[in-house]
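A.B. asks: To start, I am sharing the structure in question, which I have written as structure tokens.
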Amino acid sequence: MIESTLARARAGDGEAFRELTEPYRRELQAHCYRMLGSVQDAEDTVQETLLAAWRGLGGFQGRASVRAWLYRIATNRCLNALRDTARRPRPQQPAAGPPLDVPEPTRRLEPLWFEPYPDTLLEDLPDTAPGPDARYESRESLALAFVAGLQRLPPRQRAVLVLRDVLGFRTAEVADLLDSSGVSVNSALQRARSALDGQLPARDRDRAPLPRSPRERELVGRFVDAMENSDVDRLVALLADDAWLTMPPEPLEYQGRVAIAQFYETLAWWGGKALRLVPTRANGQPAFGSYLRDPTSPIAHAYGLVVLSLEGDRISAITRFGDNGLFPMLGLPPTLRD
């Protein structure tokens, strides 16, 4: 069946080419997002991958599967994109809302640019079992903390870790995909694992509530209530002792209940019940479009995205993104009426 479809595609049949490649489109987009940290860049790279595959059908000998062949093209396109980004740094998007005048952070890191991944793009993601060498479930590998950790890895280490530990390709397959050697792949994988393990929460910690479960809804509802009422005591009660507040690409990070409380209490709008939160989902986690009320009109304007990481019955991380560009994809309006 594959052989006949491939033969038709090589003869110029576009429908046959779609039959070959469409089953992998969503997982390729998730793969490119893990590599690049951007929804739009991931979609653009998938388009480039499919175009390159169409043009290169004559050179596809069938020694590897169509899926592995597409991953080879996509991964190398991602690596090229990352090299181009390194040469031409991404312009920083101005944060939405009033400027920040905030307390000294717990730590300062190098600016890290990435964005959340709308759950609408996960709905059609095939639940394919990864190879036996995979260390992470597909949804776990799209969690915000995991994606952020990947963005701090050098591009080649990032590619090796995703191909081995997320997708479960064998070492020899990864070496072939990257035109490398097994020794080089294993060395890069060891360094990537060491770096990533130092950034992620311990995997034996309390699991997050199931998505959309009553337990998750109750915790998220309490967060909304605390934020919309500017109630710092109720907010603090929801946080894990070592919770983090981050605002990519801002290099400022706040850890712990006291530091996070101090941050919110210094914001110009805190205390005035000026914030409204509209629920959505990103990276398989609860998320919100946030809006600030306009004191001169019955309008609230978009004020960035907030994504929560949950652990047991507590919030382990609050991540705020100041760019409103993903609002349409998340089903969020640019403004709200009171």
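A.B. asks: Within region 110-117, does at least one residue satisfy the condition of being assigned to a loop (DSSP other than H, G, I, E, B), among the hydroxyl-bearing types (Ser, Thr, Tyr) and buried (at least 16 other Cβ atoms within 10 Å of the Cβ)? Reasoning before the result, please.
C.D. replies: Going residue by residue through region 110-117, those that are assigned to a loop (DSSP other than H, G, I, E, B) are 110-117.
Checking which are among the hydroxyl-bearing types (Ser, Thr, Tyr) leaves us with 117.
So of that shortlist, the ones also buried (at least 16 other Cβ atoms within 10 Å of the Cβ) come out as 117.
Scanning region 110-117, I find at least one residue that is assigned to a loop (DSSP other than H, G, I, E, B), among the hydroxyl-bearing types (Ser, Thr, Tyr) and buried (at least 16 other Cβ atoms within 10 Å of the Cβ), so the answer is yes.
A.B. asks: Being assigned to a loop (DSSP other than H, G, I, E, B) and within 16 Å of Pro248 (Cβ to Cβ) is the filter here; which residues of region 142-159 pass it?
C.D. replies: Narrowing region 142-159 to residues assigned to a loop (DSSP other than H, G, I, E, B): 143, 152-154.
Answer for region 142-159, where residues must be assigned to a loop (DSSP other than H, G, I, E, B) and within 16 Å of Pro248 (Cβ to Cβ): Ala143, Arg152, Leu153.
A.B. asks: Condition test on Ala192, is it in a helix (DSSP H, G or I), touching a helix residue (DSSP H, G or I) at 6+ places or on another chain (Cβ under 9 Å) and more than 20 Å from Cys78 (Cβ to Cβ)? Spell out the reasoning first.
C.D. replies: Values: in a helix (DSSP H, G or I): yes; touching a helix residue (DSSP H, G or I) at 6+ places or on another chain (Cβ under 9 Å): yes; more than 20 Å from Cys78 (Cβ to Cβ): no.
In short, no.
A.B. asks: Same structure, new question: In region 36-58, what residues are open to solvent by less than 60 Å² (accessible area, probe 1.4 Å), more than 26 Å from Asn324 (Cβ to Cβ) and part of a helix (DSSP H, G or I)?
C.D. replies: Filtering region 36-58 for residues open to solvent by less than 60 Å² (accessible area, probe 1.4 Å) gives 36-39, 41-43, 45-46, 49-50, 52-53, 56-57.
Filter once more, so that each one left must be more than 26 Å from Asn324 (Cβ to Cβ): 49-50, 52-53, 56-57.
Answer for region 36-58, where residues must be open to solvent by less than 60 Å² (accessible area, probe 1.4 Å), more than 26 Å from Asn324 (Cβ to Cβ) and part of a helix (DSSP H, G or I): Thr49, Leu50, Ala52, Ala53, Leu57.
A.B. asks: Which one of these is over 19 Å from Ala208 (Cβ atoms) and either open to solvent by less than 20 Å² (accessible area, probe 1.4 Å) or under 18 Å from the mean Cα position of the chain (by Cα) (or both): Ala282, Ala300? Step through it out loud before you land on a result.
C.D. replies: On the way: Ala282 fails: over 19 Å from Ala208 (Cβ atoms).
Ala300 is the lone residue from the list that is over 19 Å from Ala208 (Cβ atoms) and either open to solvent by less than 20 Å² (accessible area, probe 1.4 Å) or under 18 Å from the mean Cα position of the chain (by Cα) (or both).
A.B. asks: Six or more apart or on different chains, Cβ atoms under 9 Å: show the pairs whose first residue is in region 286-308 and without any contact (Cβ under 8 Å) to a residue 12 or more places away in the chain and whose second is assigned to a strand (DSSP E or B) and open to solvent by 40 Å² or more (accessible area, probe 1.4 Å).
C.D. replies: Matching pairs, first to second residue: Asp294/His301; Asp294/Thr335.
A.B. asks: From the list Leu125, Leu163, Leu144, which one is within 22 Å of Phe321 (Cβ to Cβ), in contact with a helix residue (DSSP H, G or I) (Cβ under 8 Å, 6 or more places away or on another chain) and touching a residue at least 60 places away in the same chain (Cβ under 8 Å)? Steps first, please.
C.D. replies: Values: Leu163 fails: within 22 Å of Phe321 (Cβ to Cβ); Leu144 fails: in contact with a helix residue (DSSP H, G or I) (Cβ under 8 Å, 6 or more places away or on another chain).
Result of the check over Leu125, Leu163, Leu144: Leu125.
A.B. asks: Could you tell me whether Pro105 is within 30 Å of Ile260 (Cα to Cα) and either modelled with pLDDT of 90 or more or part of a helix (DSSP H, G or I) (or both)? Reasoning before the result, please.
C.D. replies: Values: within 30 Å of Ile260 (Cα to Cα): yes; either modelled with pLDDT of 90 or more or part of a helix (DSSP H, G or I) (or both): yes.
When the stated conditions are applied, Pro105 passes them.
A.B. asks: Further question: If I filter region 147-158 down to residues being without any contact (Cβ under 8 Å) to a residue 60 or more places away in the chain and open to solvent by less than 40 Å² (accessible area, probe 1.4 Å), which single residue comes out as farthest from the chain's Cα centre (by Cα)?
C.D. replies: The first filter runs over region 147-158 and keeps only residues without any contact (Cβ under 8 Å) to a residue 60 or more places away in the chain, leaving 149, 152-154, 157.
Right, trim to open to solvent by less than 40 Å² (accessible area, probe 1.4 Å) and you get 149, 153, 157.
Working: Gly149: 10, Leu153: 15, Gln157: 18 Å.
Filtering first and then ranking leaves Gln157.
A.B. asks: Residue by residue through region 246-277, note down the ones that are assigned to a helix (DSSP H, G or I) and among the acidic types (Asp, Glu). I'd like the intermediate steps shown before the answer.
C.D. replies: First, the residues of region 246-277 that are assigned to a helix (DSSP H, G or I): 257-266.
If the condition is that a residue be assigned to a helix (DSSP H, G or I) and among the acidic types (Asp, Glu), then Glu265 is the only one that fits.
A.B. asks: For a quick check of your reading of the model, give me the residue pairs whose first member lies in region 63-78 and is closer than 15 Å to Asp179 by Cβ, whose second is in a loop (DSSP other than H, G, I, E, B) and hydrophobic (A, V, I, L, M, F, W, C), with beta-carbon atoms closer than 8 Å and at least 6 apart or on different chains.
C.D. replies: Filtered contacts from region 63-78: Ala68/Phe169; Trp69/Phe60; Tyr71/Leu167; Tyr71/Phe169; Arg72/Ala64; Thr75/Leu178; Asn76/Leu178.
A.B. asks: Is it fair to say Ala172 is free of Cβ contacts under 8 Å to residues at least 24 places away in the same chain, in a helix (DSSP H, G or I) and in contact with a helix residue (DSSP H, G or I) (Cβ under 9 Å, 6 or more places away or on another chain)?
C.D. replies: yes
A.B. asks: Sticking with this structure for a sec: Mind listing just one residue for me: the one in region 253-284 that is in contact with a Ser or Thr (Cβ under 6 Å, 6 or more places away or on another chain) and closer than 25 Å to Tyr33 by Cβ and, of those, modelled with the lowest pLDDT?
C.D. replies: Glu253
A.B. asks: Please go through region 220-233 and give me each residue that is in a helix (DSSP H, G or I) and either surrounded by 14 or more Cβ atoms within 10 Å (Cβ to Cβ) or touching a helix residue (DSSP H, G or I) at 6+ places or on another chain (Cβ under 6 Å) (or both), ordered by number.
C.D. replies: At the first step, the residues of region 220-233 found to be in a helix (DSSP H, G or I) are 220-228, 232-233.
Correct list: Val220, Arg222, Phe223, Val224, Asp225, Ala226, Met227, Glu228, Val232.
A.B. asks: Test each condition in (1) in contact (Cβ under 8 Å) with a residue 60 or more places away in the chain; (2) in contact with a helix residue (DSSP H, G or I) (Cβ under 9 Å, 6 or more places away or on another chain) for Arg207 and report the one that comes out false.
C.D. replies: Among (1) in contact (Cβ under 8 Å) with a residue 60 or more places away in the chain; (2) in contact with a helix residue (DSSP H, G or I) (Cβ under 9 Å, 6 or more places away or on another chain), the lone unmet condition for Arg207 is (2).
A.B. asks: Turning to a different aspect of this structure: Which ones in region 59-80 are modelled with pLDDT under 95, surrounded by 13 or more Cβ atoms within 10 Å (Cβ to Cβ) and either outside any helix (DSSP H, G or I) or under 22 Å from the mean Cα position of the chain (by Cα) (or both)?
C.D. replies: Of everything in region 59-80, those that are modelled with pLDDT under 95, surrounded by 13 or more Cβ atoms within 10 Å (Cβ to Cβ) and either outside any helix (DSSP H, G or I) or under 22 Å from the mean Cα position of the chain (by Cα) (or both) turn out to be Phe60, Ala64.
A.B. asks: If you scan region 173-219, which residues turn out to be closer than 30 Å to Arg234 by Cβ, within 20 Å of the chain's Cα centre (by Cα) and open to solvent by 20 Å² or more (accessible area, probe 1.4 Å)?
C.D. replies: Result: Gln199, Leu200, Pro201, Ala202, Arg203, Arg207, Ala208, Leu210, Pro211, Arg212.
A.B. asks: Select from region 234-256 the residues that are free of Cβ contacts under 8 Å to residues at least 40 places away in the same chain and crowded, with 21+ Cβ neighbours inside 10 Å and list them in ascending order.
C.D. replies: If we filter region 234-256 for residues that are free of Cβ contacts under 8 Å to residues at least 40 places away in the same chain, which is where we start, we get 234-237, 241.
Listed by number, the list holds a single entry, Leu235.
The values are calculated or read from the model by the stated rules, or taken from the named source; none is laboratory data. Owing to the predicted nature of the structure, the values given are computational and were not obtained by experimental measurement. Using ideal geometry, Cβ is built from the backbone for each residue, glycine included, and neighbour counts are taken over all protein chains shown. Accessible surface is based on the protein model in full, side chains and every heavy atom, while ligands, DNA and RNA are left aside. Shrake-Rupley method; radii C 1.70, N 1.55, O 1.52, S 1.80 Å.
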